[in-house]
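Undergrad: Below: one structure in structure tokens.
The values are calculated or read from the model by the stated rules, or taken from the named source; none is laboratory data. The shown structure was predicted, so the numbers you read here are calculated from the model rather than taken from an experiment. So basically every Cβ, Gly included, is an ideal-geometry build from the backbone, and we count neighbours across all protein chains shown. To get the accessible areas, we keep the full protein, side chains included, count just its heavy atoms, and leave off ligands, DNA and RNA. Shrake-Rupley method; radii C 1.70, N 1.55, O 1.52, S 1.80 Å.
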Amino acid sequence: MSKYNWETIKEYSDIKFDFFEGIARVTINRPEVYNAFRPETIMGMLDAFEICRERQDINVVVLTGTGDKAFCSGGDQKVKGVGGYIDKQGVPRLNVLDLHKKIRSLPKPVIAMVNGYAIGGGHVLHVVCDLTIASENARFGQTGPKVGSFDAGFGSSYLARHVGQKKAREIWFLCEQYTAEEAEKMGMVNKVVPLETLEETTVEWCRTIMKRSPLALRMIKRGLNAELDGQHGIMEMAGDATLMYYLMEEAQEGKNAFLEKRDPNFDQFPKFP
Ligand code: S0N
């Protein structure tokens, strides 16, 4: 039972999506399969994250799973077919990759609130979030090479940036599980707290983050991503630089001069050394 008054934003079949004082919470709601995801789960999450992007009153997003057993146990093995996870129309999909990109692109911080197992594709989900706060009972690990899958994308290369190359290879090659304390020591978890205080700590972190400048946080996220994301990362950071330029009078002058059919006067603006 939460002590916060979370209000439902939108109803979905596989996730819960709610809001409290500037914080949006996306909860994978399939406890019967330890919050494993199927294509419909991901479609719901993609929609919810798009709403998080658009809504002005959402400053931080928390991603978690229902219950005290699992954050997410990865792709639902019961719907895994040839070529991907089979949706209701019979189409095989790997749409979780779209979600990785969406979390990474979201111009707002995303916190994984890991309340149990973060395994397989569930482990990748916490890896792609900006921060991870875990309960003491959380368990982390990959199973891919054991169950016939792998993520050679963010789930391995970005993981290696957290824990180093050797440890990332160990995590993938051995497919063992790690405690929350071990995960914190490795550098892939920011904080470990008792399960009873997980939500409270996460809300506290969100409140602290919300006191900071949103545009500054956005640019920090872009910069940290850009180092790894190549041309795509530069494009996203450059896009935000353009956004900031558009906020300046210098950019307005160019547009106004064009509309007023005169030469722009850019000399009036300071040229910082
Ligand atoms: C989580 C584990 C370790 C928990 O073990 P425990 O406590 O013994 O519980 P269980 O009895 O095993 O589980 C409880 C119930 O939940 C069901 N269940 C658990 N996980 C899944 C799952 N992933 N799919 C379907 N059902 C699941 C159990 O069956 C059980 O239900 P009942 O009692 O009815 O049988 C343990 O459960 C475990 O190891 N789970 C499997 C973890 C796993 O291997 N996940 C899949 C790994 N692969 C991916 O995630 C691929 C993701 C992907 O699509 C991808 C593709 C391209 C690029 C990237 C990715 C990516 O995101 O990685």
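Undergrad: Could you tell me the relative contact order of the stretch 1-64? Use alpha-carbon pairs under 8 Å, at least six residues apart, and round to a whole percent.
TA: Over the stretch 1-64, the number comes to 32 percent.
Undergrad: So if a site counts as exposed when it's one of the GluC sites (Glu not before Pro), its DSSP state isn't H, G, I, E or B, and it has at most 16 other Cβ atoms within 10 Å, what's the longest stretch of the chain without one? Walk me through the intermediate numbers first.
TA: Values: sites that count: E21, E136, E176, E260.
With a cap of 16 other Cβ atoms within 10 Å, the longest stretch comes to 22-135.
Undergrad: While we're on this one: For the stretch 7-210, what % of the accessible area comes from carbon and sulfur atoms, probe 1.4 Å?
TA: The value for the stretch 7-210 is 51 percent carbon and sulfur by accessible area.
Undergrad: Roughly what angle does helix 165-174 make with the longest principal axis of the chain, taking Cα atoms, 0 to 90 degrees, to the nearest 10?
TA: Orientation of helix 165-174: about 30 degrees from the principal axis.
Undergrad: To continue, here is another question. Under a 1.4 Å probe, what is the accessible area of the stretch 214-260 per residue, stated in Å²?
TA: Each residue of the stretch 214-260 exposes 66 Å² on average to a 1.4 Å probe.
Undergrad: Under the rule of -39500 (n - 2.57) per DSSP H run of 4 or more residues, summed and divided by the residues of the chain, what mean residue ellipticity at 222 nm is obtained, to the nearest 500 deg cm²/dmol?
TA: -13000 deg cm²/dmol
Undergrad: Label-point separation (nm) for R262 and F20, each offset 7 Å from Cα along Cα-to-Cβ?
TA: If labels sit at R262 and F20, their model points lie 5.5 nm apart.
Undergrad: Which percentage, to the nearest 5, of the DSSP beta bridges contained in the chain is antiparallel?
TA: Bridges in the chain that DSSP calls antiparallel: roughly 45 percent.
Undergrad: Per residue of the stretch 154-163, what does 6.51 cos²θ - 1.76 cosθ + 1.60 with θ = phi - 60° give for ³J(HN,Hα)? Whole Hz please, x for Gly and Pro, Karplus curve as stated.
TA: Per residue, the Karplus-derived 3J(HN,Hα) values read 4, x, 10, 5, 6, 4, 4, 5, 7, 10 Hz.
Undergrad: Give the lysines reachable from K16 as a straight Cα distance under 22 Å; neighbours fewer than 8 places away on the same chain don't count.
TA: List returned: K3, K69, K78, K88, K101, K102, K108.
Undergrad: Just to confirm, what accessible area per residue do you get for the stretch 7-210 at 1.4 Å probe, in whole Å²?
TA: Values: 8910 Å² over 204 residues.
Per residue, the stretch 7-210 has 44 Å² of solvent-accessible surface.
Undergrad: In the stretch 172-208, which residues have a backbone nitrogen under 14 Å from the label point lying 7 Å from E136's Cα in the Cα-to-Cβ direction?
TA: 180-182, 192-198
Undergrad: Just to verify a number: FRET efficiency for M244 and S2, C-beta to C-beta distance, R0 = 30 Å, to 0.05?
TA: After rounding, the FRET efficiency stands at 0.20.
Undergrad: Related question: Pick out, in residue order, every one of the trypsin sites (Lys or Arg not before Pro) in the stretch 182-235 that is DSSP loop and has at most 13 other C-beta atoms within 10 Å; say none if there are none.
TA: Working: sites: K185, K191, R207, K211, R212, R218, K221, R222; in loops: K211, R212.
The qualifying sites are K211, R212.
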